[in-house]
């Protein structure tokens, strides 16, 4: 028996199938989107080199940093409230959408003002302006994503995202290799995000409700007060995930920023795994919280276990195969990225479960604890970056990230446990660790095998051993079957 925590959860198979369907939809769409995005990033790195990738990464990190003023935590609030009562959909969506437009305009203006004050070179300023236009439409579409998430219809967002990524990646890569320069890339990204927004707008109108602009100042005040903890948390998270790239761009140069982000882009692809699972599970966690503590705890424990069994082999494999991955994916010019990727890879196992624990606190109305954790972790990360980047450059930034994730894990684990969602880590880890050790032996023994074949063989070996030692049980098999039945 793997874990005796699934009987109550799977007794309501409609919930399990709903989660499986959303996870399947998100994963298919996100896998394709991430593959296309990664091809684009690799093309930028190979064609424009470390400086080009550094400039591209700095630009979007800079813009994303200021987009926090357009978020205000409204999408999370919208998902949470509509998931509990769908009759609120039209009223919340139309009135909140109007507020979102106003906030987006404010955020756009602040971004442009900030880059002008920074006195960067002309090309960087122009790229930031173009990126801000592209992100304006992407961020505005966030309200549609929130509604689809609340209705557990994430497949429509996935379809739209695939279309956007296919358009952006194919056209941009073609223009890059035809010598049109980095400016053409940003223009294509504006067009693709406009298409993405329009697709979601049409789908929301057809599938759920029509959108209109409605002013309701009282509801705006009420929603902003309710969403403030979510927004403050997002402020901290945005700073946390962007500040290292921004600080490298200002304190060092775009080459160091490029080396660091070559590693970051690989890690970012892998962190989509927990993010997508949590996006699918969050509405159900919020719903269960109002109905049944045992079901909420069962779903949380099951999700935590899944995070561990996926994160452990990814973390281990990435650390062991870092050099081969960097040199095969990018080029020898990015050899400096190897040590950064090894350090960042070590943080992955913490990232996976930290996502889950944070969103659990949101779901059980303890968002202020998540906000506190995010704030302390962000402050710690910024201080470490200030200390380490001047001396150790991109390696210091990577080390700061790892240390921050460890601190974040400790705080979140403490708060979730104090709220009766404690996890027996030893019990959850022992079988995945055994399977992981078998995978390590295989990687060492077949180290000269082709990289892709070695990765595939290692993954198969890990899950085969996990199955043999009953790291999977009937509950896991039932959920996999519900995954398959959604196709």
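The values are calculated or read from the model by the stated rules, or taken from the named source; none is laboratory data. The shown structure was predicted, so the numbers you read here are calculated from the model rather than taken from an experiment. Reconstructed Cβ throughout: ideal geometry from the backbone, glycine too, with neighbour counts over all protein chains shown.
Remarks
- When each of 109, 14 is tested for being modelled with pLDDT under 75, assigned to a helix (DSSP H, G or I) and either touching a strand residue (DSSP E or B) at 6+ places or on another chain (Cβ under 7 Å) or surrounded by fewer than 18 Cβ atoms within 10 Å (Cβ to Cβ) (or both), the lone residue that passes is 14.
- Qualifying helices (runs of 4 or more DSSP H) (wholly inside the range 246-351; at least 3 residues being more than 16 Å from residue 395 (Cβ to Cβ)): 254-291, 293-320, 322-329
- Test: residue 244 is at pLDDT 75 or above and buried (at least 22 other Cβ atoms within 10 Å of the Cβ): yes
- Once the range 116-153 is narrowed to residues that are in a loop (DSSP other than H, G, I, E, B) and in contact (Cβ under 8 Å) with a residue 40 or more places away in the chain, the residue that is surrounded by the most Cβ atoms within 10 Å (Cβ to Cβ) is 141.
- Residue within the range 51-61 that is surrounded by fewer than 19 Cβ atoms within 10 Å (Cβ to Cβ), modelled with pLDDT of 85 or more and in contact with a helix residue (DSSP H, G or I) (Cβ under 6 Å, 6 or more places away or on another chain) present: yes
- Scanning the range 467-487 for residues that are surrounded by 18 or more Cβ atoms within 10 Å (Cβ to Cβ) and either over 18 Å from residue 428 (Cβ atoms) or at pLDDT 90 or above (or both) yields a total of 1.
- Which listed residue, of 437, 412, 407, 369, is closer than 24 Å to residue 308 by Cβ, at pLDDT 90 or above and crowded, with 20+ Cβ neighbours inside 10 Å: 412
- For the range 179-198, the candidate set comprises residues that are out of contact with any helix residue (DSSP H, G or I) (no Cβ under 6 Å at 6 or more places or on another chain) and either part of a loop (DSSP other than H, G, I, E, B) or free of Cβ contacts under 8 Å to residues at least 24 places away in the same chain (or both); within that set, the residue that is farthest from residue 148 (Cα to Cα) is 179.
- The single residue among 273, 325, 278, 309 that is crowded, with 19+ Cβ neighbours inside 10 Å, within 23 Å of residue 375 (Cβ to Cβ) and touching a residue at least 60 places away in the same chain (Cβ under 8 Å) turns out to be 278.
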